[in-house]
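Enquirer: Got a structure for you, written out below as structure tokens; questions coming shortly.
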Amino acid sequence: MKLLVTGGAGYIGSVCAARLVESGHEVTVLDDLSTGHADAVPDGCRFVQADVGDVAGSLLAEGFDGVLHFAAKSLVGESMQDPSKYWHGNVITSVRLLDAMREHGVPRLVFSSTAATYGEPESSPIPETALTRPTNTYGATKLAIDLAISGYAAAHGLAAVSLRYFNVAGAHGRFGERHTVETHLIPIVLQVALGRRQQVQMYGDDWPTEDGTCVRDYIHVTDLADAHLLALEHATAGEHQVYNLGNGTGFSVRQVIDACREVTGHPIPAEVAGRRAGDPATLVASSERARVELGWKPSTLDLATIVRDAWEFTRSRQA
Ligand code: UFG
């Protein structure tokens with residue numbers, strides 16, 4: 001297929017673009033490099049550096065079989081401090097993209113949604129039928145886009161799939177996580193092991209969880225990318241399907257730090273700090289629907305393996 005990958009110079013977008021090229025698709029990466037890196041665009045992709053909202057129309061006029069839409073603002077903390085950046089950068093831009101797809105008859109969309117659309121869940125693991133009550137602006141903007149996509153699918157016959165990621169981690173060869181401003185737990189902990197930070201702050205140890213720290217469901221980025229390939233195949237005209245992607249097992253912040261100590265052999269000092277605004281206590285996925293309907297089966301369930309891949313990537317960037 002001839003595919004447009006927005007945000008393909010970012011962490012998840014670059015891994016997915018690489019898997020698409022490996023699978024024989026013709027890929028154009030569209031990224032403004034506001035958070036991505038030009039050298040993360042996989043070999044074999046055409047690269048266009050521009051804002052999605054500005055050029056989606058002219059690019060899609062060339063004729064495409066589908067769009068994978070990764071480009072987004074994605075920092076929970078920042079979204080609470082600067083909501084306008086998220087409503088414009090995520091929602092307005094995505095609506096422009098949907099309009100351009102409609103205008104130029106692009107039939108398929110795979111969208112990067114998030115577990116943050118659910119907010120604090122009523123029960124765990126979270127199925128796709130759970131109530132969506134986001135606790136932060138980031139999650140609210142992703143939910144708004146999901147709702148827009150449902151409308152476009154029903155009214156205009158778009159074949160759409162939203163994939164709700166839980167906590168993505170690990171690396172795919174030379175493609176991995178390297179944000180200029182790092183807020184994610186595993187890369188931060190690995191920076192301590194590299195000597196680039198003194199210690200890790202654990203945001204709260206008084207959460208209603210077994211050890212008092214927040215629990216998350218960590219999924220390997222290669223498994224996540226494979227779900228995108230399956231979603232492209234399963235997208236059905238006029239339907240908007242939603243799938244949670246996680247491993248179904250929760251690990252606490254303390255357990256993640258312990259896994260990083262084990263993998264790196266570094267003591268990794270950690271201290272308890274205050275809670276971070278917008279954080280839910282526990283987020284664990286039920287990915288039963290993706291397993292049954294997409295035939296998706298994650299191959300890396302072990303947290304240490306996920307951390308090891310991230311560690312190898314991080315060290316290779318230092319060399
Ligand atoms: N944490 C710390 N210290 C840190 C960084 C994070 O204790 O220095 C904690 C957070 O409070 C949270 C957990 O580690 O409890 C994971 O935090 P991340 O920032 O790594 O990830 P989030 O769970 O906040 O968010 C990620 C993605 C979102 C997605 C969400 C879904 O960034 O896009 O997972 O689970 F919506």
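None of the figures in this text is laboratory data; all of them are computed from the coordinates on show. These numbers were taken from a predicted model, which means no experiment stands behind them. Glycine also receives a Cβ, built like all others from the backbone with ideal geometry; neighbour counts cover every protein chain displayed.
Enquirer: Sort all Cα-Cα distances of the range 230-272 into consecutive 10 angstrom bins from zero, then give the percent of pairs in each bin up to the one containing the longest distance.
Expert: Histogramming the range 230-272 at 10 Å steps yields 20, 29, 17, 19, 14, 1 percent.
Enquirer: Still on this model: Out of all DSSP beta bridges with both ends in the chain, state the antiparallel percent to the nearest 5.
Expert: Of all bridge pairs located within the chain, approximately 5 percent are antiparallel.
Enquirer: Let me ask you something else. By Kyte-Doolittle mean hydropathy of at least 0.0 and Cα axial length of at least 27 Å, which whole DSSP H helices of the chain are selected?
Expert: In the chain, the long hydrophobic H runs are 137-156.
Enquirer: Over the range 184-272, one equal point on each Cα, no solvent: what is log10 I(q)/I(0) by the Debye formula at q = 0.13 Å⁻¹?
Expert: The Debye formula, applied to the Cα set alone, gives -0.57.
Enquirer: With all distinct Cα pairs included, what does the Kirkwood hydrodynamic radius of the chain come out to in Å, to one decimal, could you say?
Expert: So the Kirkwood estimate lands at 19.7 Å.
Enquirer: If you don't mind, there's one more thing I want to ask. Could you tell me what percent of the DSSP beta bridges with both partners in the range 73-217 are antiparallel, to the nearest 5?
Expert: 10 percent
Enquirer: List the relative contact order of the chain as a percent without decimals, with contacts defined as Cα pairs under 8 Å and 6+ residues apart.
Expert: 19 percent
Enquirer: So, one more: Can you give the alpha-carbon Rg of the range 61-177 over 2.2 N^0.38 Å, where N counts its residues?
Expert: 1.12
Enquirer: Tell me, what is the FRET efficiency for residue 47 and residue 81 to the nearest 0.05, using R0 = 35 angstrom and their Cβ-Cβ distance as r?
Expert: Computed FRET efficiency for residue 47 and residue 81 comes out at 0.65.
Enquirer: Can you put 91, 110 in order of Cβ neighbours within 10 angstrom, beginning with the fewest?
Expert: By the 10 Å Cβ count, ascending: 91, 110.
Enquirer: Out of 300, 141, 117, any idea which swings most in a Gaussian network model of the chain, alpha carbons joined below 10 Å?
Expert: Residue with maximal mean-square fluctuation among 300, 141, 117: 300.
Enquirer: When DSSP beta bridges are limited to those with both residues in the range 171-319, what percentage is antiparallel, rounded to the nearest 5?
Expert: Counting only bridges with both partners in the range 171-319, antiparallel ones make up about 35 percent.
Enquirer: Along the three principal axes, how long is the range 205-319 when you take its alpha carbons, biggest first, rounded to the nearest angstrom?
Expert: So the extents along the principal axes, rounded to whole Å, are 51, 39, 21.
Enquirer: OK, next. Using only alpha-carbon positions, what ratio does the radius of gyration of the range 23-65 give when scaled by 2.2 N^0.38 Å?
Expert: This ratio for the range 23-65 stands at 1.19.
Enquirer: Let me have the relative contact order for the range 199-258, percent, based on Cα pairs under 8 Å that are six or more residues apart.
Expert: Rounded, it is 44 percent for the range 199-258.
Enquirer: Could I ask something else about it? For residue 194 and residue 88, what does the FRET efficiency come to when R0 = 25 Å and r is the distance between their Cβ atoms, rounded to the nearest 0.05?
Expert: That gives a FRET efficiency of 0.10.
Enquirer: For the range 23-104, list log₁₀ I(q)/I(0) at each q in 0.12, 0.18, 0.20, 0.21 Å⁻¹, using the Debye formula over Cα point scatterers of equal strength and ignoring solvent, two decimals each.
Expert: -0.39, -0.82, -0.98, -1.05
Enquirer: Sorted by packing (mean other beta-carbon atoms within 10 Å per residue), highest first, where do 176-182, 223-229 land?
Expert: Going by the mean number of other Cβ atoms within 10 Å, highest first, we get 223-229, 176-182.
Enquirer: Amide H of residue 200 versus every other amide H placed in the peptide plane: which residues, excluding those fewer than 5 positions away on the same chain, fall under 5 Å?
Expert: For residue 200, whose amide H was placed from the backbone, the distant partners under 5 Å are 270, 271.
Enquirer: Among 105, 195, 157, determine the one that fluctuates most according to a GNM of the chain built with springs between C-alpha atoms less than 10 Å apart.
Expert: In the Gaussian network model the winner is 195.
Enquirer: Can you give the alpha-carbon Rg of the range 1-148 over 2.2 N^0.38 Å, where N counts its residues?
Expert: After normalising by residue count via 2.2 N^0.38 Å, the value is 1.05.
Enquirer: How high is the relative contact order of the range 99-220? Use alpha-carbon pairs under 8 Å, at least six apart in sequence, and give a whole percent.
Expert: Normalised by residue count, the contact order of the range 99-220 is 23 percent.
Enquirer: Tell me what the chain gives for mean residue ellipticity at 222 nm when only DSSP H runs of n ≥ 4 count, each as -39,500 (n - 2.57), the sum divided by the residue total, rounded to 500 deg cm²/dmol.
Expert: Taken over the chain, the calculation gives -11000 deg cm²/dmol.
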